[in-house]
1. Hey, any idea what % of segment 173-281's accessible area is carbon plus sulfur with a 1.4 Å probe?
2. Tell me the mean residue ellipticity at 222 nm calculated for the chain from its helices only (DSSP H runs of n ≥ 4, each -39500 (n - 2.57), averaged over every residue, nearest 500).
3. What are the residues whose amide H is under 5 Å from the amide H of A114, where those residues sit 5 or more places off or on another chain and H is modelled from the backbone?
4. Length gain on complete extension for the stretch Q144 to D198, per 0.36 nm per residue less the alpha carbon to alpha carbon distance?
5. Rank these residues by their accessible area, most exposed first, probe 1.4 Å: E381, E347.
6. Which distance in Å, rounded to a whole number, links the C-alpha centroids of segment 243-261 and segment 109-182?
7. With θ set to phi - 60°, apply the Karplus curve 6.51 cos²θ - 1.76 cosθ + 1.60 along segment 509-517 and write out the HN-Hα couplings as whole Hz, x wherever there is a Gly or Pro.
8. Given contacts defined as C-alpha pairs under 8 Å and at least six residues apart, what's the relative contact order of segment 427-531, whole-number percent?
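The values are calculated or read from the model by the stated rules, or taken from the named source; none is laboratory data. Worth saying up front: this structure is predicted, and the values here are computed from it rather than measured. Cβ atoms come from the backbone with ideal geometry, glycine included; neighbour counts cover every protein chain shown. These area figures cover heavy atoms from the full protein model, side chains too; ligands, DNA and RNA do not enter into them. Shrake-Rupley method; radii C 1.70, N 1.55, O 1.52, S 1.80 Å.
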Amino acid sequence: MTAFTPPSAPGPSRRALLRGSLAGVGLLALAACRSAADTASSAADPANASGGPRRGGVLSVATGVDFTPSLLFAQSANTLVQRLVFNTLTRYDDRLQPQPELATSWQVAPDGKAVTLKLREDVLFHSGRRFTADDVVFAVKNLQNPARSAQLRSTAATVTEFRKNGDFELTLVLAHPVSNLFDLFEFMIIPDSATVEDAVSGTRLIGTGPFTLSDRKPGSSLAFARNDKYWNPGRPYLDGVEIRVVPQSESLLSSLRTGQTHLSYSVRGKDVATLKNDPQFRIRQYDTGSGAYYIGVNLTAEHVGDKRVRQAIAWAVDRERFVQQALGGYGTVSAVPWPKSSPAYSEAAAGHYRHDPDRARALLKEAGLESITLPFAHSSEPGATAIAQILQYDLKQVGIELVLQPVDSPTMQKQLISQTMPALWTLSHGFAQLHPATLAVSAYPFNEAKNSSHFSSPAYTDIVQQAWNRTDSDGPEAAALYQRITDTLLDEEFVIDLAIAGLVEVAGSKVRGATLNKFSYLNLDDAYLTA
């Protein structure tokens, strides 16, 4: 193994990091994963009249979707809880370079088939038990368990052996190199082995994170108290956090306006647009493309097994109108899942499908169809319903009648995982903001081995496996593989991407220091409320 220490500037490439070692010295107080339109550091905001972080207070966060305990280890519609209660091994900075969290340093073998982790020695679970290498072993095996529905299970499954060197050093041996190893370390929360079943049932959450769960009222709220034994000295600043479930968009917006809640990532785009000039709010858009809106297609359903019908749908949608009306302008038109920050992004691919109703009708006619009726599932949340209605209008113009089927978010997520969706559905997906292979081996809509659309192709599998089974994610060879994945997605259209949109943070003027990681886990280590 070779050692690598990053220079202060410029940063190393991901290839160097994955082949070498990155040592973390000292305790980092990084806003690790924000790449926001407003790049000023929240913790050092000059608007803070007190001149520094203020201790105390309870931060109230409004969300439109309740926490689903059974999906704790998956990226679902509500990922606010994970980083409040738990920690991960590493966290990405804005340049997708991994930084220390529970792992202080690491070395990746030159062939990419082993990684040695050195762990913090001062970490306690909320129960008082000491964190050790055994907990990392359990966390990996937990994700390998099919019952957890974890999107990065395929990456976790490449770990075939665990070699402990005492309580705080561990080598993970892999079956083959993977280009998204640190995506796994960012995604994988470290649970308490003794209470993990309590966690997925929602009765108890025990982690090593900055807050402890003190109360849960399903469908209504979750309350968290400060962890006084947190390993990060002086953190968190807040005494507690409350997550309030407010399904109705108007009520959620009202709670922010009246100060009943301080922070939300669930405000509809058109509502955000009404707040952007209001001095009592600070609005920040995550520009890393952590989410994308799409139409999913079940290829086993009538009519849509013909890719000409799927391509017709792609040509029928007015993406520009979709971004303006559904997202309030907070998004980017795109026919592919990749944000501009991705090495797989190309402008030509993003603009491949434009609004062309005549072309859509011609493709339907070529498929022997002029008018068809299809079921169309969508979340019953008001914002998602509005999106479904916009898409329903566009498709009706070319002869495709959509019958809307509203479904509550937890049920819809379970249908996505179990591959029981109707002919068409609309949701948002993540995973394109990281290593490109992560999307195609982890995200339910795109997984080459088993996806929600029942799409299967030996050629697609071969390309994805080549992009995944490598130690680097840059260079001409990797770029060529990403282009082949993109070409397949554009041709087959089993996932019809519409727009890239990172989460939009709406914060009251007193809120400072809140961040999201690349999987939208809410990190409040450095958050505080000004006087």
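1. Accessible surface attributable to carbon and sulfur in segment 173-281 totals 46 percent.
2. Computed ellipticity for the chain at 222 nm equals -7500 deg cm²/dmol.
3. Here A109, L174 satisfy the definition.
4. Answer, rounded to one decimal: 17.6 nm.
5. Largest accessible area first, the residues go E347, E381.
6. Between the Cα centre of segment 243-261 and that of segment 109-182, the gap is 39 Å.
7. Coupling constants for segment 509-517: 5, 8, 7, 9, x, 6, 9, 10, 8 Hz.
8. This gives 17 percent for segment 427-531.
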